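Encoded as structure tokens, the structure appears first; notes follow it.
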Amino acid sequence: MKKFEELGLNESLLRAIGDLGFETPSEVQEKAIPLLLEKDTDIVALAQTGTGKTAAFGFPLIQKIDADNRNTQALILSPTRELCLQITNEIKLYSKYIKSLHTVAVYGGASITEQAREVKRGAQIIVATPGRMQDMINRGLVDISKIDFCVLDEADEMLNMGFYEDIVSILSTTPDEKCTWLFSATMPQEVARIAKEFMRKPLEITVGHKNSGSSTVSHEFYMVNARDRYEALKRLADANPDIFSVIFCRTKRDTQVVADKLIEDGYNAAALHGDLSQAQRDSVMKSFRNRQIQMLVATDVAARGIDVDNVTHVINYQLPDDIETYNHRSGRTGRAGKLGTSIVIITKSEIRKISAIEKVIKQKFEEKTIPSGIEICEIQLFHLANKIKDVEVDHGIDSYLPAIYEVLKDLSKEELIKKMVSVEFNRFINYYKKNRDLTAQTAGKDRKDASGFSSDGGAVRYFINIGSRDDFDWMTLKDFLRDTLGLGRDDVFKVDVKEGFSFFNTDAEHANAVLDTLNSMHLEGRRINVEISKNDGGSNNRRRDHNNRGGRRSESFGGGNKGGGRKEGSFERSSRRGEGREGRKGSGDRRPRRG
Ligand code: ADP
Ligand code: MG
């Protein structure tokens, strides 16, 4: 195995690599970096997800770019908004010591003018999703006619998502002499076709399978109503008294909230996220290693470096945006030959994500039900009995024992045991007396339903009279709705923001609350108007893989659905990726009359 120093990388990159904590290059990096540095060549690199492809093209790209020249010299195309932002972020980290190098992310769902402005200020590297890039080109907002490098990242996924034409059209505006670097996990025909038609004698690199899920990890999911997420987490903890777990949330805020609640409810929990100081993070990690903390609630970024063995459970309190991240998460358990369990708490609207993950990790999930109060009480009772049996007596108590014997002297052995157990146990009994069943009822049915959704109109689509004119994009509107309605992260979905109005979905159970709450509100002096839209946004036709001929490797999943009805389908594909294609009216949504 080589070291980064032996690959021909310059000092500023090596320093950044040191800061990132990368010690040795991954296989694809070791193969690709020297080659790309030495030659001006096209390349096709095949490697599984999680093998470090971003750095494999990012390092040589940064080194080859002329940072003193402000022209756009490289275009990186990537399938989704999330990946686009992730790559941009990584490239910025890699190039942090090259002050004049600017990387700009170009993706749908955010202001195109702001992105154009950033590009105009001088972006040597543009990282873009194909739909938005095409829009920018059409409007003359970017000039990629002089680029030296074009990277097609996750090429198979881009083609799966129906971007073939966009890619071809984008490539046609780039110079013929540029180098094209194609990175992909698989090599379906469409990818081979791109390579054949648009690349010149590409060199090929293939690396073996690496991160396709560890077989020491078993995967389970629990379907609950969104409002029961936290309660479900508690029950899972109670049902596993010896749990030693990392719990993943999507945002720093959720991470802190969940940790705070757990602590308040008496669990040994702590939060780990980027808003903590280094000293605080170190202290949390130390307590976790010492097992003073049983439940570490973390963001993905903060948990990146966690190398603690014996983690029994990884709990996805919320699913991440992409499967790669799911893989990273579940890799925190099942280490060093130990067995581990990766648990996902999901709501009905997320069920399709499970099948998408299964395909990539090539392992099946087991659907489980949240343990009932009685089951938990039984588990706790036996745990307690065993704990009493196994506890090591600290002889510090010896001197108090005579007085204690005196207090308890009239109790028989049986009574004594009963009372001792009750001391610890009453809190569980009291808590679980309510004994509500948490598992969302339609779980089993939906899972078997090929559509992934019940056909009884599980989702409701709404029209709302606020839109991009009110400074919302699909993400901020989703957050606004979620917060206003007090709903969970994934309860508002298929958010589609137009200029003066928008559409969104929730599960039918929330419909009354949505209409009542929002219709009584004002936004900047204007009354908010929400109506149920006639168009269902394709919600009753959520067939997966709708637009895709087999072999799909669905790498990421955003807020919306895969496929869907034809018209809306093509639109939803774009909104799901955050690819709000301004200027293209493809939506089947009809704008209701406003009174
Ligand atoms: P891919 O694109 O192949 O799926 P990424 O480039 O996203 O993989 O890398 C996956 C993760 O591994 C990222 O968190 C990245 O920072 C990390 N990583 C990449 N290369 C190395 C390395 N040489 N050493 C340690 N971590 C690495
Ligand atoms: Mg990648």
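The values are calculated or read from the model by the stated rules, or taken from the named source; none is laboratory data. Source: prediction; values computed, not measured. Please note: Cβ atoms are built from the backbone with ideal geometry, for glycine as well, and neighbour counts cover all protein chains shown.
Please verify whether Leu93 is under 21 Å from Leu61 (Cα atoms), surrounded by fewer than 17 Cβ atoms within 10 Å (Cβ to Cβ) and within 24 Å of the chain's Cα centre (by Cα), treating the condition exactly as stated. When the stated conditions are applied, Leu93 passes them.
Scanning segment 96-135 for residues that are touching a residue at least 40 places away in the same chain (Cβ under 8 Å) and among the small types (Gly, Ala, Ser), we see that the one that is surrounded by the fewest Cβ atoms within 10 Å (Cβ to Cβ) is Ser111. Screening segment 393-486 for helices (runs of 4 or more DSSP H) wholly inside it with 3 or more residues that are within 24 Å of the chain's Cα centre (by Cα) and at pLDDT 75 or above returns the ranges 474-485.
Gln278 meets each of the listed conditions (1) free of Cβ contacts under 8 Å to residues at least 24 places away in the same chain; (2) under 30 Å from Pro34 (Cα atoms) apart from (2). What number of residues within segment 230-264 satisfy the criterion of being touching a helix residue (DSSP H, G or I) at 6+ places or on another chain (Cβ under 6 Å), of a type in the set (A, V, I, L, M, F, W, C) and part of a helix (DSSP H, G or I)? Going through segment 230-264 one residue at a time, the tally reaches 1. Screening Ile351 against (1) buried (at least 18 other Cβ atoms within 10 Å of the Cβ); (2) within 30 Å of Leu20 (Cα to Cα) leaves a single unmet condition, (2).
Determine whether segment 227-235 contains at least one residue that is surrounded by fewer than 21 Cβ atoms within 10 Å (Cβ to Cβ), among the hydroxyl-bearing types (Ser, Thr, Tyr) and at pLDDT 90 or above. The answer is yes, given that some residue of segment 227-235 is surrounded by fewer than 21 Cβ atoms within 10 Å (Cβ to Cβ), among the hydroxyl-bearing types (Ser, Thr, Tyr) and at pLDDT 90 or above. With respect to the conditions (1) in contact (Cβ under 8 Å) with a residue 12 or more places away in the chain; (2) outside any helix (DSSP H, G or I), Arg352 falls short on a single one, namely (2). Annotation note: of Thr41, Thr54, the sole residue that is hydroxyl-bearing (Ser, Thr, Tyr) and within 12 Å of ligand 2 (Cβ to nearest atom) is Thr54.
Taking the criterion of being of a type in the set (A, V, I, L, M) and closer than 18 Å to Arg81 by Cβ, the residues of segment 142-183 that qualify are Val142, Val151, Leu152, Ala155, Met158, Leu159, Met161, Ile167, Ile170.
Matching residues to (1) under 12 Å from Phe248 (Cβ atoms); (2) surrounded by fewer than 17 Cβ atoms within 10 Å (Cβ to Cβ); (3) away from ligand 2 (no atom under 16 Å from the Cβ); (4) at pLDDT 90 or above:
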position: Ala298; (1), (2), (3), (4): yes, no, yes, yes
position: Arg304; (1), (2), (3), (4): yes, yes, no, no
position: Asp309; (1), (2), (3), (4): no, yes, yes, no
position: His313; (1), (2), (3), (4): yes, no, yes, yes
position: Ile345; (1), (2), (3), (4): yes, no, yes, yes
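Scoring Pro320 on the criteria (1) within 16 Å of ligand 2 (Cβ to nearest atom); (2) part of a helix (DSSP H, G or I) leaves a single failure, condition (2). Considering each residue of segment 2-33, count those that are within 16 Å of ligand 2 (Cβ to nearest atom) and polar (S, T, N, Q), and give that number. Total meeting the criteria: 2.
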